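Structure, as structure tokens:
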Amino acid sequence: MLTEERILEIVESQIAATEKLGYQGSRSGHMAHVSYRIDQIRTLPPEKGRMEIEVDYTLLTETEFTGYPDNPPYETPCLTSLIVDTKTGELIT
């Protein structure tokens, strides 16, 4: 059975692999930084050696113009579903 820590590792590595995170520049010369916040992780009961993990997360885009409270980071809500092997924790495609 997968532990909560292992499930979190799987989720974080999948987000890092699929999203463009970190510092980014534009052709206009402005910089932005994209990070993420995990809002919720739900696991469905294992079935035939597989477990489905549903993840709600938010991409946070900060620019040089970001400032609280008037101009907070741009937030993009995301939802993904992963299916993993319950013994190895490997992603099943």
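Tabulated data
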item: Selection from the range 66-81 of residues that are touching a residue at least 12 places away in the same chain (Cβ under 8 Å) and in a loop (DSSP other than H, G, I, E, B); result: P73
item: Subset of the range 9-35 [open to solvent by 70 Å² or more (accessible area, probe 1.4 Å) and either in contact (Cβ under 8 Å) with a residue 24 or more places away in the chain or charged (D, E, K, R) (or both)]; result: E9, E12, T18, K20, R27, H30, M31
item: Residue match in the range 42-54 (condition: open to solvent by less than 50 Å² (accessible area, probe 1.4 Å), touching a residue at least 24 places away in the same chain (Cβ under 8 Å) and out of contact with any Ser or Thr (no Cβ under 6 Å at 6 or more places or on another chain)); result: no
item: Unmet requirement for G89, which otherwise passes all of (1) open to solvent by 50 Å² or more (accessible area, probe 1.4 Å); (2) at positive phi; result: (1)
item: Filtered residue count, the range 24-42, keeping only those that are among the hydroxyl-bearing types (S, T, Y) and modelled with pLDDT of 95 or more; result: 2
item: Failed item, numbered, when I41 is tested on (1) under 23 Å from E5 (Cα atoms); (2) assigned to a loop (DSSP other than H, G, I, E, B); (3) not polar (S, T, N, Q); result: (2)
item: Filtered residues of the range 43-93 (kept if closer than 21 Å to A17 by Cβ, at pLDDT below 95 and of a type in the set (G, A, S)); result: G89
item: Flag if Y23 is outside any helix (DSSP H, G or I) and within 13 Å of the chain's Cα centre (by Cα); result: no
item: So A16, is it hydrophobic (A, V, I, L, M, F, W, C) and under 10 Å from the mean Cα position of the chain (by Cα); result: yes
item: Residue count, the range 82-93 (criterion: acidic (D, E) and part of a strand (DSSP E or B)); result: 1
item: For T61: the one exception among (1) more than 30 Å from T88 (Cβ to Cβ); (2) part of a strand (DSSP E or B); (3) open to solvent by 70 Å² or more (accessible area, probe 1.4 Å); result: (3)
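The values are calculated or read from the model by the stated rules, or taken from the named source; none is laboratory data. Quick caveat, the model's predicted, so the values are computed rather than measured. Cβ sites come from the backbone with ideal geometry, for glycine too, and all protein chains shown count toward neighbours. Surface areas here come from the heavy atoms of the whole protein model, side chains and all, with no ligands, DNA or RNA. Shrake-Rupley method; radii C 1.70, N 1.55, O 1.52, S 1.80 Å.
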